[in-house]
1. Which of the numbered conditions does PHE106 fail, given that it passes all the others? Conditions: (1) at negative phi; (2) more than 19 Å from the chain's Cα centre (by Cα); (3) open to solvent by 90 Å² or more (accessible area, probe 1.4 Å).
2. Consider LEU89 against the criteria (1) of a type outside the set (Asp, Glu); (2) surrounded by fewer than 18 Cβ atoms within 10 Å (Cβ to Cβ); (3) over 29 Å from GLY11 (Cα atoms): it satisfies all of them except one. Which criterion is unmet?
3. Quick check on the stretch 19-32. Is at least one of its residues under 19 Å from LEU120 (Cα atoms), open to solvent by 50 Å² or more (accessible area, probe 1.4 Å) and touching a Leu at 6+ places or on another chain (Cβ under 8 Å)?
4. Say whether the condition of being free of Cβ contacts under 8 Å to residues at least 12 places away in the same chain and open to solvent by 50 Å² or more (accessible area, probe 1.4 Å) is met by at least one residue in the stretch 9-16.
Amino acid sequence: MGTQITPNHRGHAVLYYDTEQSDEQLYRNAQRIIKRSRQRHFPEWLKTYGLVGMERKDRLNSIIQSMDYFYYEYGGIHLVVIDGIADLLKGVNDEDSSVGLVDEIFRLAGIYNCCIVLVLHLSPSGYKLRGHLGSEIQRKAAGIISIEKDQNPSHSIIKALKIRSGNPLDIPQNLIHWDENQGLHVLFGEKPTTSYGDKKINELKGLASVLFLQKEQIAYKHLVNELAAECQVSISSGEKYVKALRDIGFITSMYGENGVYRLSE
């Protein structure tokens with residue numbers, strides 16, 4: 001039941017839906033996609049659609065109908081990208097609509113046996129996706145990739161926030177920047193591991209401090225579960241988070257590594 005993303009050798013449909021950009025900007029974005037993929041011509045199977053001029057209540061239905069149409073026209077769907085998933089709803093904090101939308105996306109991915117990529121802005125804190133929609137996506141998504149500004153304003157960081165079958169801390173961050181000559185964002189290199197660790201450790205410190213405000217002492221298993229739930233990662237990742245906090249001396253175990261923890265003096 002494993003999934004493998006491969007080049008589109010069979011010429012199946014690749015569908016890109018944009019809910020935020022004007023038609024002119026969408027056209028320029030599509031040209032950059034062609035340039036980056038080193039294609040001479042716009043492939044017939046690549047379809048781009050701007051939904052910004054359509055009422056929100058009609059956008060999802062348009063996506064569903066077009067997916068069905070192109071599935072049969074091209075013998076399958078290779079990939080779907082919905083840039084601006086929040087604009088399919090009246091608001092990202094509508095819990096019922098958010099759950100329904102994510103369920104529908106999962107249904108479509110299953111019916112057409114394809115990968116669906118959703119683009120959603122982060123909350124102002126920079127650690128979570130926006131609203132109930134973001135929370136639902138974080139629970140259900142197989143993986144989440146974040147793009148955010150680096151301390152150097154000319155660079156942006158690409159990093160993994162969630163990996164269903166792995167630990168995001170094991171994935172190196174990549175730096176990208178805009179190249180005027182090429183008219184594209186290009187890879188600048190990897191973010192030094194120490195900087196990534198410091199930022200993640202600061203986040204974990206903040207979460208742990210809040211937990212220990214409620215209880216002076218927390219059992220190992222409970223602490224692991226709480227950190228995993230807050231960061232929306234696996235239990236094994238939660239165990240690594242506890243170890244990281246213990247290794248820097250932020251928390252102390254009273255009865256061995258699997259015992260009861262408290263904040264260090």
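1. (2)
2. So LEU89 meets the others, but not (2).
3. no
4. Taking the stretch 9-16 first, the residues free of Cβ contacts under 8 Å to residues at least 12 places away in the same chain are 9.
Within this subset, residues satisfying the condition of being open to solvent by 50 Å² or more (accessible area, probe 1.4 Å) are 9.
Yes, the stretch 9-16 contains a residue that is free of Cβ contacts under 8 Å to residues at least 12 places away in the same chain and open to solvent by 50 Å² or more (accessible area, probe 1.4 Å).
The values are calculated or read from the model by the stated rules, or taken from the named source; none is laboratory data. Treat the numbers as computed from the prediction; the structure is a model and nothing was measured. Don't worry about glycine lacking a Cβ; one is built from the backbone with ideal geometry, like all the others, and counts go over all protein chains shown. Surface areas here come from the heavy atoms of the whole protein model, side chains and all, with no ligands, DNA or RNA. Shrake-Rupley method; radii C 1.70, N 1.55, O 1.52, S 1.80 Å.
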